[in-house]
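For reference, the structure is listed below as structure tokens.
All of the numbers you see were taken from the coordinates with simple rules; none came from a lab. If you're wondering where the values come from, they're calculated on a predicted model, not measured in any experiment. A quick note on method: Cβ atoms are made from the backbone with ideal geometry, for glycine too, and the neighbour counts reach across all protein chains shown.
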Amino acid sequence: MLRLERATAGEVLFEGKDVLKANRKQLKALRRDMQIVFQDPYASLDPRLTIGESVAEGLVIHGIGTPAERRERVREVLARVGLHANQMSRFPHEFSGGQRQRIGIARALIMEPRLIVCDEPVSALDVSIQSQVLNLLKNLQREFGLTYLFIAHNLAVVEHISDRVGVMSLGKLVELAGRDDLFREPLHPYTKALISAIPHPTRRGAASGSCCRATCPARSTPPRAAASPRAAGSPAISARSRNRLRGKAEGPLGGLPFCRAVLM
């Protein structure tokens, strides 16, 4: 989506422009508005750069501001994510996992983007730190009018952060709906199986409701239909579910503020 990997087919439209067809100059301009927060905050930071240098790197690449202006901007954005200006000269190994993820968010935020792709940004963090980072993301979204594409496996995180949810199976989008609609009335068997697997304090033994008893197709031989049945005895996806996928959650991804979560 961000052209970090070369796509083999399809199109990615951002504000009417096809990202996959953009030349080098156009792509550089687009990337000011499209940023990413990676899953592993330590691996995504250069260990040889101070965090001040890492956060300011985007400004340097795009030729924004003087060195003094960049330093001031770094101080401001670090304060926004709950870090102190006196930490600018430290290196990534001197921070905790939660602090490193805040640095990753600051690095994305400093470019003042319209879209931030959050690639499982809390999966490598402790539960208590996860809530802090999620609340930070929600606060920043309200403050700056950001759009998030939030990729996650954790249903609790998806329900907390998202406005609209897309469910993917074997690389295919099988259901797309508003958050409340999807968790209240999932239509696709795979979505039902995911939701039925959520641990519940009052439930013992096997999860009630839909269960994924059928054998999951191998990735090497995926099913022809994107929305193939996943539960034993389940009929093929209904017309109602197909309508949800196509039209129930229509609207531009760039509608601000907004968060679309992709549940893998």
Study note, to complete from the structure: Env charge @ residue 36, Cβ radius under 10 Å, K,R +1 / D,E -1, value +1
Review point. Do any trypsin sites (Lys or Arg not before Pro) in the range 134-179 lie in a DSSP loop with no more than 16 other beta carbon atoms within 10 Å, and if so, which?
Key: none
Exercise for review: Might you report the magnitude of the Cβ-based charge dipole of the range 32-145 about its Cα centre, with Lys and Arg at +1 and Asp and Glu at -1, to the nearest 20 debye?
Suggested key: 240
Check your understanding: Can you pull the three principal axis extents for the Cα set of the range 78-128, in Å, largest first?
Key -> 29, 27, 16
**Study point:** Packing-based ranking, highest mean first, of 6-14, 105-113 given that Cβ atoms within 10 Å are counted
**Key:** 105-113, 6-14
Practice item. Round to the nearest 0.05 the FRET efficiency obtained for residue 6 and residue 28 when R0 = 22 Å and r is the Cβ-Cβ distance. Key: 0.85
Revision key, fill the gap. With DSSP loop assignment and no more than 16 other C-beta atoms within 10 Å, the trypsin sites (Lys or Arg not before Pro) in the range 10-88 are 32, 48
Exercise for review: Could you state the orientation-averaged shadow area of the convex hull built on the Cα atoms of the range 32-145, in nm² to one decimal?
Suggested key: 6.4
